[in-house]
Amino acid sequence: MKKNEKVEAMIQLAIIFVLSGILAGFTGIDKKGRENREFTNVQVEDAYVCNKTDGSTWTIGTKSVEMTYELKDSLLKLISFRNKFSSSSAEYIPKGSFISPFSIGTNKWILKDISATRALYGGQPVVQLKIELKQGYLGVGFHVISFPGTSVIRQWILKSMVI
């Protein structure tokens, strides 16, 4: 890949991140590297990250809000966003639909790792779901954290050069 193409790809990634805020979508995640990965459920007060029994669905949230991500058909998908505080436990993503939390054209991504950890964010204990992907020279970390005792879930993307 030429230097100009690399710079252009990095600029496109930055533009996508800025324009999409925290919502954007992976296309073509390769399941290679997913086998034999251990995933440990994590909890801090009412904040939690858990893996569903199928091994490809992860939920992060608190007693008032939760988001569920699924790795299926080579895509990372946000398949549920629930407000558990409302009287009817409002679901913002219709059943059978999904939102791609990150997108860069039609690149094929390789899954490097998925983990759940306890962490500190601004000195406050949180739980974090981290999904690492790579494609050629570009690595992407998709992070989601949940703050205990709140209805706040924050997600962001970090990019790095893979040499």
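The values are calculated or read from the model by the stated rules, or taken from the named source; none is laboratory data. Quick caveat, the model's predicted, so the values are computed rather than measured. Here the Cβ positions follow ideal geometry from the backbone for every residue, glycine too, while neighbour counts run over all protein chains shown. The protein model used for the area step is the full one, side chains on, heavy atoms only, and it has no ligands, DNA or RNA in it. Shrake-Rupley method; radii C 1.70, N 1.55, O 1.52, S 1.80 Å.
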**Message:** Here are the criteria: (1) more than 20 Å from Asn51 (Cα to Cα); (2) over 16 Å from the mean Cα position of the chain (by Cα); (3) modelled with pLDDT of 80 or more. Tell me which single one Gly139 does not satisfy.
**Reply:** (2)
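Yes/no per residue for (1) outside any strand (DSSP E or B); (2) open to solvent by less than 20 Å² (accessible area, probe 1.4 Å); (3) of a type outside the set (A, V, I, L, M); (4) more than 23 Å from Gln43 (Cα to Cα):
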| site | (1), (2), (3), (4) |
| --- | --- |
| Thr68 | no, yes, yes, no |
| Leu71 | no, yes, no, no |
| Ile79 | no, no, no, no |
| Ser88 | yes, no, yes, yes |
| Pro94 | yes, no, yes, yes |
| Asp113 | no, no, yes, no |
| Thr117 | no, no, yes, no |
| Pro125 | no, no, yes, no |
| Leu129 | no, yes, no, no |
**Asked** Given the structure, is Ser89 farther than 22 Å from Trp156 by Cβ, polar (S, T, N, Q) and at pLDDT below 95?
**Response** yes
**Message:** Anything in the range 143-163 that is more than 24 Å from Lys63 (Cβ to Cβ) and out of contact with any helix residue (DSSP H, G or I) (no Cβ under 9 Å at 6 or more places or on another chain)? List them, or say none.
**Reply:** Leu158, Ser160, Val162, Ile163
**Item:** Residue selected from the range 142-163 under the condition modelled with pLDDT under 95, open to solvent by less than 60 Å² (accessible area, probe 1.4 Å) and aliphatic (A, V, I, L, M), by the criterion nearest to Phe39 (Cα to Cα)
**Value:** Ile157
**Fill in**
Note on Lys84: of the conditions (1) within 15 Å of the chain's Cα centre (by Cα); (2) open to solvent by less than 60 Å² (accessible area, probe 1.4 Å); (3) modelled with pLDDT of 85 or more, unmet is (1)
